[in-house]
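Quick notes on the structure that follows.
What follows is calculated from the coordinates using simple rules that are stated; it is not laboratory data. Just so you know, these numbers come straight off a predicted model, no measurement behind them. All Cβ positions, glycine included, derive from the backbone under ideal geometry; neighbour counts span all protein chains shown.
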Number of protein chains: 2
Amino acid sequence: VRSMSNTRKSKRFTFTTTYKTLEKILTDHNLATLGDAYTNLIYSLYLSIKTGKPTGAKASSRMLSKALKQAGLRDLMSSRLDRHSQADAAEALLVYAWLQGQATITESVNILSSHEKVADAFSSLLTDTKKKLDL
Amino acid sequence: VRSMSNTRKSKRFTFTTTYKTLEKILTDHNLATLGDAYTNLIYSLYLSIKTGKPTGAKASSRMLSKALKQAGLRDLMSSRLDRHSQADAAEALLVYAWLQGQATITESVNILSSHEKVADAFSSLLTDTKKKLDL
């Protein structure tokens with residue numbers, strides 16, 4: 001399945017670095033800064049679908065760190081990392097999968113939209129993303 | 001050309017309202033809030049390509065209002081609107097085209113990346129977007 005998916009999908013942009021471990025992705029600060037913009041867009045689309053009108057908002061560190069923990073990804077990182085670094089990790093992972101062509105915005109927002117509570121929505125998306133990356 | 005493109009492309013999400021005039025799009029405040037998240041992502045991708053590493057940033061109202069004027073779209077709006085409302089208009093137009101399936105992030109970032117100065121980049125993208133919408 002993995003090799004099939006790799007032949008179908010490809011990197012979106014030349015600046016994308018390919019990593020061999022989840023830990024490297026979760027702790028890449030540059031990825032996290034771009035991931036913040038990416039995550040705010042998919043969160044805004046989730047809210048837009050929920051409210052029935054275009055809506056812009058910022059995903060909170062509290063919610064994202066909760067989702068990271070629920071998805072079982074928190075344990076891959078140092079126990080000393082604060083909530084903000086945990087949210088960064090979630091954002092880095094989400095944008096990494098998108099940059100690698102392993103996720104699309106439409107399908108990610110559909111996954112989010114199948115959940116009522118936002119932390120459950122992002123936990124589910126992070127779990128799905130981890131599976132897709134298969135590292 | 002237009003009908004061909006309309007058969008190929010379709011709305012991405014159910015909350016999208018279809019407008020018949022550019023003026024309606026440019027002054028939709030809800031679209032502008034979602035457009036802010038969308039625009040920050042494509043601006044961040046433009047910077048990531050330029051710098052060769054993932055980068056997150058917020059597109060400024062100053063730059064976007066300048067780009068709107070350069071693209072000839074400023075004249076469609078009330079002359080009393082301040083810089084922030086002009087930036088909102090640019091953001092609303094960009095996300096509208098994407099929601100309608102008339103633009104993709106990859107092609108939009110490619111258009112941006114063919115310009116050195118960021119206001120020129122967004123002016124070019126706005127001009128291209130206006131043409132694609134054909135209103």
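Any idea what diffusion coefficient chain A gets from Stokes-Einstein, in µm²/s, Kirkwood Rh on alpha carbon pairs, 20 °C, 1.002 mPa s?
Calculated translational D: 145 µm²/s.
Say a label goes 7 Å from Cα toward Cβ at A:H115 in every copy; what distances in nm does this one have to the rest, shortest first?
Output for A:H115: 3.9 nm, nearest copy listed first.
With the alpha-carbon atoms as the only input, what is the per residue convex hull volume for the protein assembly as shown in Å³?
Hull volume normalised by residue count: 131 Å³.
Once R0 is set to 51 Å, what does the formula 1/(1 + (r/R0)^6) return for the Cβ-Cβ distance between A:T127 and B:S10, expressed as a FRET efficiency to the nearest 0.05?
The value I calculate is 0.95.
Over region A:16-72, what per residue volume does the convex hull of the Cα atoms give, in whole Å³?
104 Å³
Mind checking the mean number of beta-carbon atoms from other chains within 10 Å of the Cβ atoms in B:87-97?
Per residue, the average neighbour count from other chains is 1.
Suppose we consider the axis relating copy A to copy B; can you name the residue of A with the nearest Cβ and state that distance in angstrom as an integer?
A:L41, 2
Under the definition of partner shielding as Cβ atoms of other protein chains within 10 Å of a residue Cβ, what is the mean value for peptide B:22-35?
The shielding value for this peptide is 3.
Under 19 Å from a label point 7 Å along Cα→Cβ of B:K53: give me every residue in region A:16-41 with its amide N that close.
Only A:16-21, A:23-38 fall inside the zone, counting backbone N under 19 Å.
Put a label point 7 Å from Cα along the Cβ direction on A:G52, then list its distances to the equivalent points in the other copies in nm, shortest first.
5.1
What size of dipole, in debye to the nearest 20, comes out for the protein assembly as shown about its Cα centre when the only charges are +1 on Lys and Arg C-beta atoms and -1 on Asp and Glu C-beta atoms?
Using only the charged Cβ atoms, the result is roughly 320 debye.
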